[in-house]
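Here the structure is laid out as structure tokens; the discussion comes afterwards.
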Amino acid sequence: MRPRIRREEIRMDAWLSTAGADVALMDDFNAICAFGGRLSGSGQDTAAIAWALERMRATGGTVRKVQVPYDGWRAGRAALHLLCGEPRALACRALLRSASTPADGLVGEVLDLGQGRVEDFERAGDAVRGKIVLVRHEYPFSPTHLHRRRKYDQAVARGAIGFLIANPLPGRGVLSGSSGRPRGAAGIPAAYIDFEAGQALAAAAASGRCEVRLLLTGEELENSLADLAILDIPGGTDSRIVISAHMDGHDLGTSALDNATGVAVALAAARALAPRISARTHGLRVCFFTAEEWALAGSARYLDDMDPAERATLKLNINLDTVAGDSVLTALISEYPALAPFVSAAAVDAEMSVGTYLPFMSNSDHANFARHGIPALRLTAGFDRPDSNVNNILAAGDVPGVIDAADLRNALRATCAMAWRGLTLPQGELDALAAGSRWTTSA
Ligand SMILES: [Zn+2]
């Protein structure tokens, strides 16, 4: 017989008000950044996961390393030359898993599609065919954001021969990101360019036919494995509350915002929660994924390969991704409407405010939990605040100096409050977090 949890009996929410005070939080955060940007396949990701496994062992519970295959790839050369007007070299960087150009480059006419939204592609119609399209990157956390991969997919579908995506912020250099192209799939050469290169190309294209030469090479890495770190602390039921964060990143900066913040907060939350897990609470699982920046490949494989009976025990995913860099926290609740009151109640427990945003955003590992019918949210800082420090993500500016420790501590308090509320919900209420969601009603 399963123990019955009565939340009223074990509420000890007073500890939540000081849950942000973890003494190791900033040391952990700086230690993670010190590994470098932790690009999957660089070795920095595996070293950081090995470190995290040790940190997890200090927390107690069962710790294991899981390895999952993903489509590894290494960038080679990247060069872009303007061939019209005043010919010159422009800054560029291949998207992860970009298709390669011929060895002597790809010459094509540039078509400026502005933001590169669906309507921009529709307006251009057949004019896209055979062109190298130019679009703009958007601040990724907003209600109107269209993901880079959706823009890339439209370019491929409409017959473009190349894809250039410009940083919208001047003086910030190029960005990093994935094309999402699976191994063996058709694709086109695709690269980030800096704001200034975008301006130069737009001006040249506006003044008439403008050609560029794009050279991108990359190498497939066979048999690539992504290391994941999993901590499991059983409670009095089979149910698990899952806190997750991705360890991997990009190598322009040190992936401090995205996502040393999430990993450091998850570790500190585990330390705070572990001694409170008992026969009267549910169990806790902490997952550190890699290959997240590779179209969420690590968590996808972890969940897809899991025994369905085990997967059914995962009742709530709290995914921490870019949880500092701004003082405003938002939970992206993946079209699980019951998570809105849940998050609000947890915020009250922690005497703070956390916003919620219902539409599904497939921009981190919570998306894979959501698809499997597991109520999932992404806690993120700076939602719809493009002028916040969060706008350094994917750029060379993603370094520890852009993070305010107070924001990180707030995120820790919010995480502890949400996890604790989940850990102590009566079984029926925990199961009901999935109610009313399109992910569970259509199944
Ligand atoms: Zn991230």
Calculate the FRET efficiency for GLN199 and ASP104 from the Cβ-Cβ distance with a Förster distance of 45 Å, rounded to the nearest 0.05.
0.95
Which of ALA256, SER178, PRO168 sits farthest toward the positive end of the charge dipole of the range 160-256, with +1 on the Cβ of Lys and Arg and -1 on the Cβ of Asp and Glu?
PRO168
1/(1 + (r/R0)^6) with r = Cβ-Cβ of ARG77 and SER278, R0 = 56 Å, i.e. FRET efficiency to nearest 0.05, evaluates to 0.50
With a 1.4 Å probe and all protein chains left in place, how much accessible area per residue does the range 227-298 have, in Å²?
17 Å²
Report the gain in length on full extension from ALA406 to ALA34: 0.36 nm times residue separation, minus Cα-Cα distance, nm rounded to one decimal.
131.9 nm
Using modelled amide H (1.01 Å from N, peptide plane; none on Pro or chain starts), what sits under 5 Å from the amide H of ALA376, excluding residues fewer than 5 places away?
ASN317
Near LYS131, which lysines are there with a Cα under 19 Å away, not counting those fewer than 8 places off in the same chain?
LYS151
What angle do you read, to the nearest 10 degrees and between 0 and 90, between the alpha-carbon axis of helix 405-424 and the longest principal axis of the chain?
50 degrees
Candidates ALA297, ALA103, ALA79: whichever shows maximal mean-square fluctuation once the chain is modelled as a Gaussian network with Cα springs under 10 Å
ALA103
To the nearest 10 degrees, how steeply does helix 44-57 sit against the main Cα axis of the chain, on a 0 to 90 scale?
0 degrees
Net charge near ALA272 (other residues with Cβ under 10 Å of its Cβ; Lys, Arg +1; Asp, Glu -1) is +2
Each residue of the range 323-335 in order: what ³J(HN,Hα) in whole Hz does its phi give by Karplus 6.51 cos²θ - 1.76 cosθ + 1.60, θ = phi - 60°, with x for Gly and Pro?
9, 9, x, 7, 7, 8, 10, 9, 9, 8, 9, 6, 6
Choose one answer from SER17, SER207, SER42: the residue with the largest mean-square fluctuation in a GNM of the chain with alpha-carbon springs under 10 Å.
SER207
Per residue, accessible area of the range 73-221 with a 1.4 Å probe, heavy atoms of protein chains only, in Å², comes to 41 Å²
With label points set 7 Å from each Cα along the Cα-to-Cβ direction at ARG88 and GLU222, the distance between them in nm comes to 4.4 nm
Calculate the spin-label point distance for LEU358 paired with ASP384, positioning each point 7 Å from the Cα along the beta-carbon direction, and give it in nanometres.
1.4 nm
Magnitude of the Cβ-charge dipole of the range 73-221, K/R +1 and D/E -1, about the Cα centre, nearest 20 debye?
380 debye
Using a Förster radius of 30 Å, what is the FRET efficiency between GLN427 and THR62 based on their Cβ-Cβ separation? Nearest 0.05, please.
0.85
When all protein chains stay in place, what accessible area (Å², nearest 10, 1.4 Å probe) is found for VAL402?
30 Å²
Rel. contact order, % - alpha carbon contacts under 8 angstrom, at least six apart, the range 73-221:
41 percent
Within the range 166-203, find all residues whose amide N lies under 12 Å from a label point positioned 7 Å from the Cα of SER142 along Cα-to-beta-carbon.
168-169
Accessible surface of the chain [probe 1.4 Å, protein heavy atoms]: carbon and sulfur percent:
52 percent
Environment charge of GLY208, counting only residues whose C-beta is closer than 15 Å and scoring Lys/Arg +1, Asp/Glu -1
-2
How many angstrom lie between the Cα centre of the range 160-174 and the Cα centre of the range 12-62?
33 Å
For the charge dipole of the chain, defined by +1 on Lys and Arg C-beta atoms and -1 on Asp and Glu C-beta atoms about the Cα centroid, which residue among ALA197, CYS92, VAL390 has the Cα displaced farthest towards the positive pole?
VAL390
Quote the charge dipole size of the range 1-148 about the Cα centre in Debye, to the nearest 20; the model charges only the Cβ of Lys and Arg (+1) and of Asp and Glu (-1).
620 debye
Total charge dipole magnitude, the chain, about the Cα centre, Cβ charges on Lys, Arg, Asp, Glu only, Debye to nearest 20
640 debye
If amide hydrogens are placed 1.01 Å from N in the peptide plane, which non-local residues have theirs closer than 5 Å to the one on ASP248?
ALA291, GLU292
Give me the one-decimal nm value for the distance between modelled label points at TRP15 and ASP232, 7 Å along each residue's Cα-to-Cβ direction.
2.3 nm
Between the residues HIS282, ALA297, VAL323, the Cα farthest towards the positive end of the dipole of the range 277-323, that dipole coming from +1 and -1 charges on the beta-carbon of Lys, Arg, Asp and Glu, is from HIS282
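The values are calculated or read from the model by the stated rules, or taken from the named source; none is laboratory data. Quick caveat, the model's predicted, so the values are computed rather than measured. Cβ: placed from backbone, ideal geometry, glycine included. Neighbour counts: every protein chain shown. Accessible surface areas use protein heavy atoms only, side chains included; no ligands, DNA or RNA. Shrake-Rupley method; radii C 1.70, N 1.55, O 1.52, S 1.80 Å.
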